[in-house]
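K.L.:
Please read through the structure below; I'll follow up with questions.
The values are calculated or read from the model by the stated rules, or taken from the named source; none is laboratory data. This one's a predicted model, so the numbers in the text were calculated from it and none came from an experiment. Using ideal geometry, Cβ is built from the backbone for each residue, glycine included, and neighbour counts are taken over all protein chains shown. These accessible areas exclude ligands, DNA and RNA; they are computed on the full protein's heavy atoms, side chains included. Shrake-Rupley method; radii C 1.70, N 1.55, O 1.52, S 1.80 Å.
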Amino acid sequence: MANPSILILAGDGIGPEVMAEVKKVITWMGVKRGVHFDVSEDLVGGCAYDVHGKPLADETMAKAQAVDAVLLGAVGGPKYDKLDFSVKPERGLLRLRKEMDLFSNLRPAQCFDALADFSSLKKEVVAGLDIVIVRELTSGVYFGEPRGIFKEGNERVGINTQRYTESEIARVARSAFELARKRSNKVCSMEKANVMESGILWREVVQEVHDREYPDVALTHMYADNGAMQLCRWPKQFDVIVTDNLFGDVLSDMAAMLTGSLGMLPSASLGNPMANGRPKALYEPVHGSAPDIAGQGKANPIACILSFAMALRYSFDLGEDATRLEKAVEKVLADGVRTADLMGPEGGKPVSTAEMGDAILAALDASL
Ligand code: IPM
Ligand code: MG
């Protein structure tokens with residue numbers, strides 16, 4: 001049988017630096033675990049614009065459609081801020097999500113014991129936190145038509161449209177309920193049904209899918225603004241949260257910070273199963289390209305490494321190796337290894353991106 005295939009799109013800013021550490025883990029998997037991947041690489045974001053004049057070439061899109069999993073670093077940077085909207089680095093990422101139909105975006109927010117002091121919230125509020133936000137990723141206001149900046153009389157008007165079909169809501173709801181069954185069997189759905197018709201429909205459809213197919217899962221509904229407040233007040237009341245594209249964008253950044261560092265959080269964007277049974281999938285850290293520290297070896301590679309762990313679990317059925325990798329990260333943190341973003345007030349000497357990667361490899365070795 002052919003090796004499973006991976007397309008690496010390291011992207012801009014710190015993307016290539018953190019991805020270099022993931023490549024070490026991929027190599028380790030071959031040497032030490034006998035699991036070999038066919039790895040190819042290509043460009044996305046600003047670096048693709050520099051070469052092709054657009055943030056994602058058609059050939060790259062075709063490659064992404066053909067592989068078993070895409071690993072993405074980060075896109076964007078100040079150099080590209082003035083580009084026309086249609087060729088901004090972010091458009092490359094949005095095209096991948098849309099054309100691969102990656103409707104279910106899993107964003108876990110897990111607080112590692114060793115980092116419970118790092119949150120801006122009290123330790124008891126975040127210690128042991130382990131929740132997942134399931135964000136709808138291919139529809140809603142990110143893609144709805146009409147959109148644009150138009151002239152109306154003698155002023156301009158900016159328009160975006162929040163649009164959800166029943167089937168779009170139902171499929172992401174299903175993925176949240178399926179995930180909940182593997183966890184604590186609890187889902188909270190968030191929208192603004194008090195002010196938005198799309199929110200009313202969202203609430204109804206999530207409830208219908210629940211009643212018809214997942215009556216065993218405990219389902220609650222919450223307005224998204226209250227949800228934001230509750231996430232700060234007592235995040236441990238949640239397990240799986242399902243929400244739309246825009247609320248999911250905002251709430252997942254918030255949830256990320258609860259854990260102390262945006263540099264820690266992975267994500268998986270999953271679509272429908274392909275012919276080989278694997279879901280269409282793209283894995284990426286939640287953090288961005290961090291241009292302020294790019295090229296300095298300061299970035300924390302953990303979010304990208306944990307994204308690869310999610311790939312092992314969701315694309316390659318290697319749950320044991322995924323757990324092994326997650327445990328290795330936990331071990332390294334417990335040992336006090338820290339990149340600059342994880343330095344507490346007590347100070348100390350931060351390790352570099354590569355040193356963090358090497359420490360994780362050493363912990364992997366020790367796990368065998
Ligand atoms: C995210 C990011 C993206 C989004 C940007 C880079 C387009 O913020 O993945 O959360 O808004 O979805
Ligand atoms: Mg975001």
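K.L.:
Please verify whether segment 82-90 includes one or more residues that are assigned to a loop (DSSP other than H, G, I, E, B), touching a Gly at 6+ places or on another chain (Cβ under 9 Å) and under 22 Å from Thr161 (Cα atoms).
P.N.:
The answer is yes, given that some residue of segment 82-90 is assigned to a loop (DSSP other than H, G, I, E, B), touching a Gly at 6+ places or on another chain (Cβ under 9 Å) and under 22 Å from Thr161 (Cα atoms).
K.L.:
Another question, then. For the subset of segment 277-296 comprising residues that are within 16 Å of ligand 2 (Cβ to nearest atom) and assigned to a loop (DSSP other than H, G, I, E, B), which member is surrounded by the fewest Cβ atoms within 10 Å (Cβ to Cβ)?
P.N.:
Among residues in segment 277-296 that are within 16 Å of ligand 2 (Cβ to nearest atom) and assigned to a loop (DSSP other than H, G, I, E, B), the one surrounded by the fewest Cβ atoms within 10 Å (Cβ to Cβ) is Gly288.
K.L.:
Next question, about the same structure. Output the qualifying pairs, or none if there are none: Cβ atoms under 6 angstrom, residues six or more apart or on different chains, first residue in segment 244-262 and more than 10 Å from ligand 1 (Cβ to nearest atom), second residue of a type in the set (Phe, Trp, Tyr).
P.N.:
Going by the 6 Å Cβ cut-off, the qualifying pairs are Gly260/Phe118.
K.L.:
Checking the conditions here, which among Gly319, Gly348 is more than 20 Å from the chain's Cα centre (by Cα) and either among the hydrophobic types (A, V, I, L, M, F, W, C) or open to solvent by 10 Å² or more (accessible area, probe 1.4 Å) (or both)?
P.N.:
Matching residue, one of Gly319, Gly348: Gly348.
K.L.:
Give me a count of the residues in segment 91-126 that are open to solvent by 60 Å² or more (accessible area, probe 1.4 Å), part of a helix (DSSP H, G or I) and more than 14 Å from ligand 1 (Cβ to nearest atom).
P.N.:
5
K.L.:
Got a number for residues in segment 297-316 being of a type in the set (Phe, Trp, Tyr) and open to solvent by 10 Å² or more (accessible area, probe 1.4 Å)?
P.N.:
2
K.L.:
Then there's this: Pull out all pairs, ordered by first then second residue, where Cβ-Cβ is under 8 Å, the residues are six or more apart or on different chains, the first lies in segment 68-81 and is among the acidic types (Asp, Glu), and the second is open to solvent by 20 Å² or more (accessible area, probe 1.4 Å).
P.N.:
Asp68/Pro4; Asp68/Ser5; Asp68/Met274; Asp68/Asn276; Asp68/Arg278
K.L.:
Of the numbered conditions (1) part of a helix (DSSP H, G or I); (2) within 16 Å of ligand 1 (Cβ to nearest atom); (3) open to solvent by 10 Å² or more (accessible area, probe 1.4 Å), Arg212 fails exactly one; give the number of that condition.
P.N.:
All conditions pass for Arg212, except number (2).
K.L.:
On to the next question. Out of the residues in segment 220-276 meeting the condition of being part of a loop (DSSP other than H, G, I, E, B) and open to solvent by less than 50 Å² (accessible area, probe 1.4 Å), tell me which one is farthest from ligand 2 (Cβ to nearest atom).
P.N.:
Met274
K.L.:
Do we find a residue being assigned by TED's automatic domain parsing to the domain that holds Tyr314, modelled with pLDDT of 95 or more and within 23 Å of Ala256 (Cβ to Cβ) anywhere in segment 47-67?
P.N.:
Within segment 47-67 (the criterion being assigned by TED's automatic domain parsing to the domain that holds Tyr314, modelled with pLDDT of 95 or more and within 23 Å of Ala256 (Cβ to Cβ)), the answer is no, since none of the residues qualifies.
K.L.:
When you scan segment 35-49, how many residues do you find that are closer than 22 Å to Lys23 by Cβ, open to solvent by 10 Å² or more (accessible area, probe 1.4 Å) and free of Cβ contacts under 8 Å to residues at least 60 places away in the same chain?
P.N.:
So the count comes out to 9.
K.L.:
Could you check segment 16-31 and list, in sequence order, the residues that are out of contact with any helix residue (DSSP H, G or I) (no Cβ under 8 Å at 6 or more places or on another chain) and within 16 Å of Lys298 (Cα to Cα)?
P.N.:
Pro16
K.L.:
A further question follows. Yes or no: Ala359 open to solvent by 40 Å² or more (accessible area, probe 1.4 Å), within 16 Å of Asn300 (Cα to Cα) and of a type in the set (A, V, I, L, M)?
P.N.:
no
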